[in-house]
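The values are calculated or read from the model by the stated rules, or taken from the named source; none is laboratory data. From a predicted model like this one, the values you see are computed outputs, not experimental measurements. Backbone-built Cβ (ideal geometry, glycine too); neighbour counts: all protein chains shown. Side chains are part of the model used for accessible areas, which takes the heavy atoms of the whole protein and leaves out ligands, DNA and RNA. Shrake-Rupley method; radii C 1.70, N 1.55, O 1.52, S 1.80 Å.
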Amino acid sequence: MGAAEVEKVSALVPHLLTIPHKKIWVDYDEEADVLYVNFKKPSRADDSELTDNDVIIRREKGEVVGMTFLNVARRFGTRGQAGSR
């Protein structure tokens, strides 16, 4: 990881500290262009909601346990940059 990548990750820290969850897992599937954010492992969602902006909010017993962002690179204009080093 180079200096530019360290800067990008460091810029996320203030935002991460405001999230009420202490543990966060993030996975990006570049081929499917889907970003998975989980707040509980393992999570067994029993309910989900698709929002108008292509985000699936997953809940377990009413508690948000994860979010799935569809078409994320295309939406944020970062297609092809996630895997570049």
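Surface composition of the chain: carbon and sulfur make up 55 percent of the accessible area, probe 1.4 Å. Fraction of C-alpha pairs exceeding 21 angstrom in the chain: 38 percent, rounded to a whole number.
When +1 charges are put on Lys and Arg Cβ atoms and -1 charges on Asp and Glu Cβ atoms, the dipole computed for the chain relative to its Cα centre reaches about 320 debye.
The lysines whose alpha-carbon is closer than 30 Å to the alpha-carbon of residue 61, local same-chain residues fewer than 8 away aside, are 22, 23, 40, 41. Taking Lys and Arg as +1 and Asp and Glu as -1, the other residues whose beta-carbon sits under 10 Å from that of residue 59 total -3.
Relative contact order for the chain: 22 percent, from Cα pairs under 8 Å spaced at least 6 residues apart, divided by residue count.
Between the amide H of residue 65 and those of 58, 59, 60, distances stay under 5 Å, these residues lying 5 or more places away or on another chain, with hydrogens modeled in the peptide plane. Selection among 38, 64, 17 by position relative to the dipole of the chain gives 17 as farthest towards the positive end (Cβ unit charges, Cα centre).
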